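Chemist: I'd like to ask some things about the structure below.
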Amino acid sequence: MQNLRATPENAGSNYHVVKNMKILLLCALTLFLNISCASVLQDELLKDGIYEMRPADIKKNAAYYRGKTFILGGIIINTSVIAEGTLIEALFVPVNKRGYLKNPESGAGRFMALYRGTEILDPIIYRESREISIAGVFTSIKKGKIGEMLYSYPVFEIKQIYLWAENDPRDHYYMYPPYPYLPYRFRPYDTWRY
């Protein structure tokens, strides 16, 4: 009985091509997995930061948390340029260990984040409803108002900020009956759908 196992001796040059393709595929898969699991903030900040801390919990023990680094997510409510830098008011959204936003919580509270960089964070870009992840040092409590109600905001000095891409409502897939067919996507310039 003849041995049908492929070896370099009986497979010819195709053996090396297949072997090289397997190695290339393995490298590409490894690179893809490493890139897809990347953090949005610096690893050093993520390692030292405090997660899962709601603004209300920070306000209860402000003296203890002053000077500590927090990893927060938020939905921007207002951005203003002031003498010290750029001040962002945001609705708190918890983040995971890589800085990715989780689902917003009801009654999670608000916070302010101050960016003292050499450039301003432009209020046109960092506008209402944009999502952010920040690594920031808790500095103080600032009194303010939400409508007519007095509110105490925890204030963080931003060490790093990540602005999430906006969701385009036109960038969705639509499926029409009969359903076994592949989904059809309207092109962005099909404005008659909106």
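Read-outs throughout are calculated quantities, based only on the coordinates presented, and are distinct from any laboratory measurement. In this text the structure is predicted, and so the values were computed from the model without any measurement. Here the Cβ positions follow ideal geometry from the backbone for every residue, glycine too, while neighbour counts run over all protein chains shown.
Chemist: In whole Hz, what ³J(HN,Hα) sequence does the range 134-146 give by Karplus (6.51, -1.76, 1.60; θ = phi - 60°), x for Gly and Pro?
Modeler: 9, 10, x, 8, 5, 10, 6, 10, 10, 7, x, 10, 10
Chemist: For the residue pair I141 and D43, what label-to-label distance in nm results when each label sits 7 Å from Cα along the Cα-to-beta-carbon direction?
Modeler: For the pair I141/D43, the computed spacing is 3.8 nm.
Chemist: A further question follows. Starting from the amide H of Q160, placed 1.01 Å from N in the peptide plane, find each other amide H under 5 Å away whose residue is 5 or more places distant or on another chain.
Modeler: Placed amide hydrogens put A135 under 5 Å from Q160.
Chemist: How do R130, R98, R110 line up, fewest other C-beta atoms within 10 Å first?
Modeler: By the 10 Å Cβ count, ascending: R98, R130, R110.
Chemist: Once the piece of chain linking I120 and L24 is laid out straight, how much longer is it, given 0.36 nm per residue of separation minus the C-alpha distance between them?
Modeler: 30.2 nm
Chemist: How compact is the range 57-121 by the rule of thumb for globular proteins, expressed as Cα Rg over 2.2 N^0.38 Å?
Modeler: Expressed relative to 2.2 N^0.38 Å, the Cα Rg reads 1.20.
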